[in-house]
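The structure appears below as structure tokens.
Just so you know, all these numbers are worked out from the coordinates, no wet-lab data involved. Here the structure is a predicted model, which is why all the values come from computation and not from measurement. Note that we place each Cβ from the backbone using ideal geometry, even for glycine, and neighbour counts take in every protein chain shown.
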């Protein structure tokens with residue numbers, strides 16, 4: 001995973017475990033990061049992964065999963081996200097202040113087989129994340 005200029009850091013998150021945080025102010029529309037593809041595996045290969053790798057899987061097809069590498073695997077979900085991904089680039093949806101957690105809406109990008117409880121804490125939280133499938 002490569003992040004432009006390394007203007008982000010991994011810290012403890014109020015949302016979930018660790019999160020990705022801004023080291024500078026970003027303007028709406030500004031590119032924050034560029035994702036490099038992680039290793040692609042099949043469902044059969046999942047059993048051979050470490051527990052950490054299993055936590056950072058993204059379903060990308062019927063029998064294809066990508067292992068999201070650091071620091072991208074620490075981008076947490078928010079129902080009111082401040083970043084959207086376009087062509088593997090993270091683009092600021094609004095002004096992001098230095099120290100703010102960088103979040104994305106998993107329902108717009110993730111292929112989830114099962115929904116999970118949301119802990120983003122925003123006022124209009126949907127309470128669960130369903131993903132695209």
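Annotations
- Packing, taken as the mean count of other beta carbons within 10 Å per residue, orders the peptides 42-48, 14-20 from highest to lowest as 14-20, 42-48.
- Cα→Cβ-extended label distance, 7 Å offset, between residue 14 and residue 55, nm: 2.1
- Spatial separation of Cα centroids for region 21-41 and region 75-95, in angstrom: 8
- Model label points for residue 86 and residue 98, set 7 angstrom from Cα along the Cα-to-Cβ axis, are 2.8 nm apart.
- Calculated FRET efficiency, residue 23 to residue 69, Cβ-Cβ distance, R0 = 22 Å: about 0.70 to the nearest 0.05.
- Per-residue ellipticity at 222 nm from helix content only, as computed over the chain with -39500 (n - 2.57) for each DSSP H run of at least four residues, stands at -1000 deg cm²/dmol.
- Mean Cα-pair separation over length for the chain, i.e. relative contact order, pairs under 8 Å, 6 or more apart, %: 28
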